[in-house]
Amino acid sequence: MITVREIDRSYFPLYDRVTQNVEVKSELKIKRVDGGLGGLVFEEIPVETYVKDLSVYDRACEYEDMFDISNWRIYMAFDGEIAVGGATVAGTTENLNMLGGRKDACVLWDIRVADGFKHQGIGQMLFDRCAAGARSDGYKQMIIECQNINVPACRFYKKQGSLLSKIDMKAYAAEGLENEVQLIWLYDL
């Protein structure tokens, strides 16, 4: 039986051991119509399958080195005593650029489900818990970052009722990830 509970920093090493692999089978390519004035068209294009490990970008053990996390909520999903998922919601935090100075919004900083436990509703359980916690903290919206290479996550956020609000085609260029596009979703709480 899967349970989700809020955790404290003593669980961060265990949280970081939960895999955050994305099996990429397709990408959302974005085409500009009339240079963008006619809108944008998303087309899902199959690619040669590869696995991207997103955990290299996000480590709970490093959260406090970067931010004051006193307004953050961190959750883990367990199958018995086995850690099978995790999610982090960043509340009002100084220097957290994704918030853009907003005090009425929080950020779904991370959500992950371990390999071998995907497609069992664990991501939904974590998302629901994050949304409930954010609501109880008084936030009105949750900001969610995703990439065009993570098509299952894009579909998941859309299924939740999130709306795509921002597209940055060069957000990851400095990291050498020219083919990845940043997609920012807004979820009304």
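The values are calculated or read from the model by the stated rules, or taken from the named source; none is laboratory data. Note that the coordinates shown come from a computational prediction; the quantities given were computed from them, not determined experimentally. Glycine gets a Cβ as well: all are built from the backbone with ideal geometry, and neighbour counts include every protein chain shown.
Points to keep in mind about this one:
- One residue stands out in region 127-157 among those that are of a type in the set (Lys, Arg) and touching a residue at least 24 places away in the same chain (Cβ under 8 Å): the one that is surrounded by the most Cβ atoms within 10 Å (Cβ to Cβ), namely Arg129.
- The condition of being under 21 Å from Ile144 (Cα atoms), over 15 Å from the mean Cα position of the chain (by Cα), touching a residue at least 60 places away in the same chain (Cβ under 8 Å) and surrounded by 11 or more Cβ atoms within 10 Å (Cβ to Cβ) holds for only one of Ala77, Ala83, that being Ala77.
- Selected residue (criterion: farthest from Thr88 (Cα to Cα)) from residues of region 1-25 that are polar (S, T, N, Q) and surrounded by 15 or more Cβ atoms within 10 Å (Cβ to Cβ): Asn21
- Residue, surrounded by the fewest Cβ atoms within 10 Å (Cβ to Cβ), within region 41-56, restricted to residues that are out of contact with any Lys or Arg (no Cβ under 6 Å at 6 or more places or on another chain) and either at pLDDT 95 or above or of a type in the set (Lys, Arg) (or both): Glu48
- Selection from region 1-33 of residues that are out of contact with any Ser or Thr (no Cβ under 8 Å at 6 or more places or on another chain), over 30 Å from Asn71 (Cα atoms) and among the acidic types (Asp, Glu): Glu27
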